[in-house]
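Accompanying notes for the structure given below.
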Amino acid sequence: MIGRYGIRIGDRISIAGVTGDVVDLGLVRFYVLEYAASGADLFPTGRIVVFSNSVLFQPATPLYKQLPGTHYTWHEAVLPLANGADREVVQKSVNDAVQSVFKEYNRQADWQRAFDYGTEISMKPPAPEQRLQFGDSGAELVVRYPVDLHRAPEIDEKVIQSLLESIAKNGKIASGISGTPKIRTAVKV
């Protein structure tokens with residue numbers, strides 16, 4: 001519970017199948033505000049889960065905690081591509097839409113500085129990336145982007161708005177997409 005990577009109030013952890021924020025630490029037990037998934041986002045359930053401190057020393061109960069400076073997770077915008085779509089135009093437009101939102105909330109310097117201060121590991125700051133892949137209905141464009149753990153719904157909404165505006169502005173993009181764009185979490189919790 002103590003030390004460089006110990007648990008502190010406000011930390012997001014996953015333990016024994018429960019994901020949530022630590023809300024209190026005691027000598028004998030600690031308390032976690034449980035979160036549940038709703039689509040790509042996590043929301044508080046309103047339940048407080050109580051764990052004995054001894055659970056941290058049981059090998060069958062792994063504890064997952066985000067390191068300082070890595071207080072983000074990854075979400076994806078998935079756009080199914082139509083046959084014959086001008087992929088380069090769609091990729092550029094979608095990338096520009098996500099990048100414009102990312103620039104608004106980008107705190108790369110803060111993320112990296114906090115991480116570098118607490119560890120000796122060198123990591124590249126998170127940034128959006130895209131790739132083409134095959135999905136159930138054919139080719140898909142997937143744009144993966146980092147979101148702050150506590151602002152994920154707000155950031156996802158801005159990404160959706162930016163994507164919809166970009167699609168509405170350019171008929172070539174609209175005709176290149178064969179279905180409804182989706183936002184999903186890239187890492188299952």
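Along the principal axes of its C-alpha atoms, what lengths does the stretch 12-65 span, in descending order and rounded to whole Å?
The Cα atoms of the stretch 12-65 stretch 33, 21, 14 Å along the principal axes, largest first.
Neighbouring Cβ atoms within 10 Å as the yardstick, rank Ser52, Ser178 fewest first.
Values: Ser52 11, Ser178 15.
Ordered from fewest to most neighbouring Cβ atoms within 10 Å, Ser52, Ser178 come out as Ser52, Ser178.
Can you list residues whose amide H is under 5 Å from Ala82's amide H, if they're 5+ apart or on another chain and H is modeled 1.01 Å from N?
Result for Ala82 returns Ile177, Ser178.
In this model, which of Lys65/Lys103; Lys124/Lys182; Lys158/Lys182; Lys92/Lys124 are farther than 19 Å apart at the alpha-carbon? List each step's numbers first, then the result.
Working: Lys65/Lys103 27 Å; Lys124/Lys182 27 Å; Lys158/Lys182 13 Å; Lys92/Lys124 23 Å.
With Cα atoms farther than 19 Å apart: Lys65/Lys103; Lys124/Lys182; Lys92/Lys124.
Kindly write out, for the stretch 175-181 in residue order, the coupling ³J(HN,Hα) from the Karplus curve 6.51 cos²θ - 1.76 cosθ + 1.60 (θ = phi - 60°), rounded to whole Hz, with x marking Gly and Pro.
Per-residue couplings from phi come out as 6, x, 10, 9, x, 7, x Hz.
Could you put Lys92, Lys103 in order, starting from the residue whose Cβ has the fewest other Cβ atoms within 10 Å? Please list the in-between numbers first.
Working: Lys92 14, Lys103 9.
So the ranking, lowest neighbour count to highest, is Lys103, Lys92.
For the residue pair Gln99 and Ser178, what label-to-label distance in nm results when each label sits 7 Å from Cα along the Cα-to-beta-carbon direction?
Going by the 7 Å Cα→Cβ label model, 2.7 nm.
Across the stretch 158-165, in residue order, what do the Karplus-derived ³J(HN,Hα) couplings come to in whole Hz, using 6.51 cos²θ - 1.76 cosθ + 1.60 with θ = phi - 60° and x for Gly and Pro?
Once rounded to whole Hz, the list reads 5, 5, 4, 4, 5, 5, 5, 5.
Give me a comma-separated list of calculated 3J(HN,Hα) values for the stretch 14-20, in order, Karplus coefficients 6.51, -1.76, 1.60 applied at θ = phi - 60°, integers in Hz, x for any Gly or Pro.
10, 8, 6, x, 10, 10, x
Every number in this text was worked out from the coordinates using simple rules, so none of it is lab data. As the structure is a computational prediction, the values presented were derived from the model and not from experiment. Ideal geometry is used to build each Cβ from the backbone, glycine not excepted, and the neighbour counts take in all protein chains shown.
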